[in-house]
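Structure first, commentary second.
The values are calculated or read from the model by the stated rules, or taken from the named source; none is laboratory data. Since this is a predicted model, take the numbers as computed values, not measurements. Note that each Cβ is placed from the backbone with ideal geometry, even for glycine, and that neighbours are counted across all protein chains shown. Heavy atoms of the whole protein, side chains included, go into the accessibility calculation; ligands, DNA and RNA do not. Shrake-Rupley method; radii C 1.70, N 1.55, O 1.52, S 1.80 Å.
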Amino acid sequence: MSQISLQVVVIGGGAAGFLAAITCAESHPHTQVTLLEAGRQPLSKVRVSGGGRCNVTHACFDPAVLVQNYPRGGKALRGAFSRFQPRDTVAWFAARGVQLKTESDGRMFPVSDDSATIVDCLMQTAKAAGVKLRTGVTVASVKEILPPSVPPPRGEDREEILFANGNKFEIELKSGEKLKCDRILLATGSNPTGYQIAKALGHHIEPPVPSLFTFNVPEPSLKDLAGVSVDNVRVRLQVGTSPPTPLRSTERGGNGEFEQTGPILITHWGLSGPAVLKLSAWGARVLHDCHYQATLLINWLPQYNPESLRQILLNVKSQLVRRQISTSCPVLLPRRLWEYLVTRVGISTEDKWSGISNKLLDRLIQELIQGQYQINGKGVFKEEFVTCGGVSLKEVDFKTMESKCCAGLYFSGEILDIDGVTGGFNFQSAWTTAHLAGNAIGVRE
């Protein structure tokens, strides 16, 4: 084989693009890796992630458990995680001088609590590996170049010839400049340009829609509780007019329902927190299809069943006869939230436990374990944005991340139809797919 460098171009200067470029350059000295980034500042999403601290990954080291945090892509990632998982991510950064720490909820951050630590590590490592970084460069199109000796094939023969001889590509930039290369890796995230390139090279794109977002709940009195949080609630999404029915799992149930358990935060626009964000991820497509109009059912006290809760309230009714209901909360809820829930069922601030009827008691129990709130639109999750949808996973070899439709084309990161819940899982799928692609893309045939 000729010792001429294999020309590899990575399009997209985010987490996945950088790690893929570094891995290729370090693993295959015979490659010349060029990294193209449309923005003037690469790694922009890394900089703002985790509130500026960068939630690098999650301390979940069992691939079978890890994949359960991906509404889309979990099955495809199962094998990939057996080759590069969070433990490998921790080791990769540690080998380059960056130590990670684990917080109580499993999220992992750099010890510095500063995303610049991760950005600087990736930038410096890429430079040391010989990656050529070009910023402010926008790709207009990519096309295949067939060897001159090969006549333009037709039908099924085309695929056989391409896989036998390999592809070369021509990249045209918006400036008019043209680049030629042997291999291309698309790591463009949710940028439409990446989808357009993949589609032009033969791929099907699952329609991209938002994932990981907060819920707008237009209930004026709820806004007064902005800042109130509850550590453990159960939230259920109901779309359509069917009456709610119990679910047996956290995945999609009958009538387009979904359910999650975890912390919730009341905001001035509605509801947020891990439970809501996870629910938005699992329900991303159905919420998009119903224009973000749905009913949210909240169980503020999932540790109780209706009968055990009823017994608690009856005990209070018999023991605190003259106490006002609104000021004597018998369960573990923030005082302001209890007052709100009590008034929501028609109990006034002056009503005493002695005067509560069985009918009103039933309504209070219903409110506590299955309160209904109307979702009327979505918000955003801080400055981050995760997309559900992208390149169809059945068209990608997850051992190498190479396209099954176009030889020499590879993928990593969010351009794929993969998305995880909040907690470092989206970064981990980016690191994993990037590492596999980077190792494979520089292999000489």
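Tabulated results
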{"item": "Net charge, Leu314 excluded, C-beta distance under 13 Å - Lys, Arg +1, Asp, Glu -1", "result": "0"}
{"item": "The stretch 294-445 shape via C-alpha gyration tensor axes, a/c threshold 1.5", "result": "prolate"}
{"item": "Distant-in-sequence amide H partners of Gly390 (H built 1.01 Å from N, under 5 Å)", "result": "Glu206"}
{"item": "Which of Ser326, Ser318 is most accessible, then next, and so on - probe 1.4 Å", "result": "Ser318, Ser326"}
{"item": "Charge dipole magnitude, Cβ of K and R +1, D and E -1 - the stretch 341-401, Cα centre, debye nearest 20", "result": "120 debye"}
{"item": "For the stretch 324-445, size of Cβ-based charge dipole, Lys and Arg +1, Asp and Glu -1, in debye", "result": "380 debye"}
{"item": "Cα gyration tensor shape for the stretch 7-153, rounded if a/c is under 1.5, else prolate or oblate", "result": "prolate"}
{"item": "Over the chain: helical MRE at 222 nm, DSSP H runs n ≥ 4 each giving -39500 (n - 2.57), nearest 500", "result": "-10000 deg cm²/dmol"}
{"item": "DSSP-assigned coil residues among trypsin sites (Lys or Arg not before Pro) in the stretch 257-331, each with at most 15 further Cβ atoms within 10 Å", "result": "Arg322, Arg323"}
{"item": "Fluctuation leader among Arg87, Arg72, Arg107 - the chain, Gaussian network, Cα springs under 10 angstrom", "result": "Arg87"}
{"item": "Whole-Hz ³J(HN,Hα) from phi, Karplus 6.51 cos²θ - 1.76 cosθ + 1.60, for the stretch 128-142, glycine and proline x", "result": "5, 7, x, 5, 8, 9, 10, 9, x, 10, 9, 7, 8, 6, 9"}
{"item": "Entry for semi-axes √(5λ) of the Cα gyration tensor in Å (calculated from the structure that is shown) out of [x] 51, 22, 17; [y] 34, 29, 21; [z] 127, 71, 21", "result": "[x]"}
{"item": "For Ser44, solvent-accessible area (1.4 Å; no DNA, RNA or ligand), Å²", "result": "70 Å²"}
{"item": "Listed residues Cys405, Cys388, Cys290 arranged by accessible area, highest first, probe 1.4 Å", "result": "Cys405, Cys290, Cys388"}
{"item": "In Å², nearest 10: area of Glu307 left accessible to a 1.4 Å probe", "result": "120 Å²"}
{"item": "Heavy-atom accessible area ranking, 1.4 Å probe, most first, across His291, His268", "result": "His291, His268"}
{"item": "Computed accessible area, Lys168, all protein chains, 1.4 angstrom probe, square angstrom", "result": "110 Å²"}
{"item": "Degrees separating the helix 15-27 axis from the principal Cα axis of the chain, which is the longest one", "result": "40 degrees"}
{"item": "Antiparallel %, DSSP beta bridges [both residues in the chain], to 5", "result": "75 percent"}
{"item": "Net charge dipole size for the chain [Lys, Arg +1 and Asp, Glu -1 on Cβ; Debye, nearest 20]", "result": "620 debye"}
{"item": "The stretch 1-93: C-alpha gyration tensor shape, a/c 1.5 cut-off, then a/b vs b/c", "result": "oblate"}
{"item": "Percentage relative contact order, the chain, counting C-alpha pairs under 8 Å, at least six apart", "result": "24 percent"}
